[in-house]
1. Pull up segment 69-89, narrow it to residues that are of a type in the set (A, V, I, L, M, F, W, C) and closer than 20 Å to E136 by Cα, then point me to the one that is surrounded by the fewest Cβ atoms within 10 Å (Cβ to Cβ).
2. If I filter segment 3-21 for residues that are farther than 15 Å from R91 by Cβ, surrounded by 17 or more Cβ atoms within 10 Å (Cβ to Cβ) and hydroxyl-bearing (S, T, Y), do I get at least one hit?
3. Among the residues of segment 136-155, which ones are of a type outside the set (S, T, Y) and surrounded by fewer than 24 Cβ atoms within 10 Å (Cβ to Cβ)?
4. So, of the residues in segment 210-249 that are among the aliphatic types (A, V, I, L, M) and over 28 Å from the mean Cα position of the chain (by Cα), which turns out to be surrounded by the fewest Cβ atoms within 10 Å (Cβ to Cβ)?
5. Kindly indicate whether any position in segment 29-42 is at pLDDT 95 or above, in a strand (DSSP E or B) and farther than 25 Å from Q130 by Cβ.
6. Is there any pair with a first residue in segment 11-22 that is without any contact (Cβ under 8 Å) to a residue 40 or more places away in the chain and a second that is of a type in the set (S, T, Y) and surrounded by 15 or more Cβ atoms within 10 Å (Cβ to Cβ) whose Cβ atoms are under 6 Å apart and which are 6 or more apart or on different chains, and what are they?
7. Every residue in segment 162-215 that is modelled with pLDDT under 95 and basic (K, R), please.
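The values are calculated or read from the model by the stated rules, or taken from the named source; none is laboratory data. Please read all numbers here as calculations on a predicted model, not as lab measurements. Quick reminder, even Gly has a Cβ in these numbers, built from the backbone with ideal geometry, and neighbours come from all protein chains shown.
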Amino acid sequence: MLNSIHPEAIIGKDVTVSPFVTIDKNVVIGDGTFIYPNAVIMSGARIGKNCKIFPGAVIAGIPQDLKFAGEETIAVIGDNTTIRECATVNRGTASKGQTIVGNNCLLMAYSHTAHDCILHDNVILGNATQLAGEVEADDYAILSGGTLVHQFTRIGKHAMIQGGSRINKDIPPYIVVGREPITYSGVNIVGLRRRGFDNDRIASIQEIYRILYQSGMNNKEAVKCIEENVPNSEEKECVISFINASARGIVRGYLD
């Protein structure tokens, strides 16, 4: 027998299971998903529709957390998500009970998504990018190859992380960060234009970050200035809410 598929696994319609795949009990796989040879789908996996799981990937491995005591938890993979060679997604712990990877995500080869992480939709993890426990990456965040992310860190929507970065602070939405130590590098103009942001919206975002990072104000003063001087918009509310909710503090700017 080429495959090891537990009889209690729930496998949808038109799912392709290649030779030498292991599928454990307590697994659900959605319609149209393609699982390549030598992938391992462990107990607690919840895989959506039309996903692609490449050779050597391991989904729902037990958390690499010494506090984990064998509790029943899951790893959720959304629809149309691709998980490339030897990438790993661990399931959750008692902290959140689940690790979540959203729809239309791309987790490249050898990337690691640790316990209780939350990746929203359209997130990209570059090759060998490593996420520690309880990291959250919002919609359209891109973490380029070899990025290391400290536990509990938050990555805002449409943020772009340059390859090889070490992230130990929260990364607000719409920006590019890089250098060593990690530093604000400007607004993610190219990414925003690709996603339909017009010049007025981009200009508003640029003004927000000019105040935040180039005015010489501290974060509290800058947020107040933004609230009082930048016209209301979804982007303004998103940035202010992100900063106000940051427990770790946000990435430093040019003048810090």
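1. Here the answer is I74.
2. No, the conditions are met nowhere in segment 3-21.
3. Those that are of a type outside the set (S, T, Y) and surrounded by fewer than 24 Cβ atoms within 10 Å (Cβ to Cβ): E136, D138, D139, I142, G145, G146, L148, H150, Q151, F152.
4. Checking each candidate, the answer is M217.
5. Yes, the conditions are met somewhere in segment 29-42.
6. V15/T33; S18/Y36
7. R179
Quick grid of which residues meet (1) part of a loop (DSSP other than H, G, I, E, B); (2) acidic (D, E):
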| site | (1), (2) |
| --- | --- |
| P181 | yes, no |
| G191 | no, no |
| C225 | no, no |
| E228 | no, yes |
| N232 | yes, no |
| E235 | no, yes |
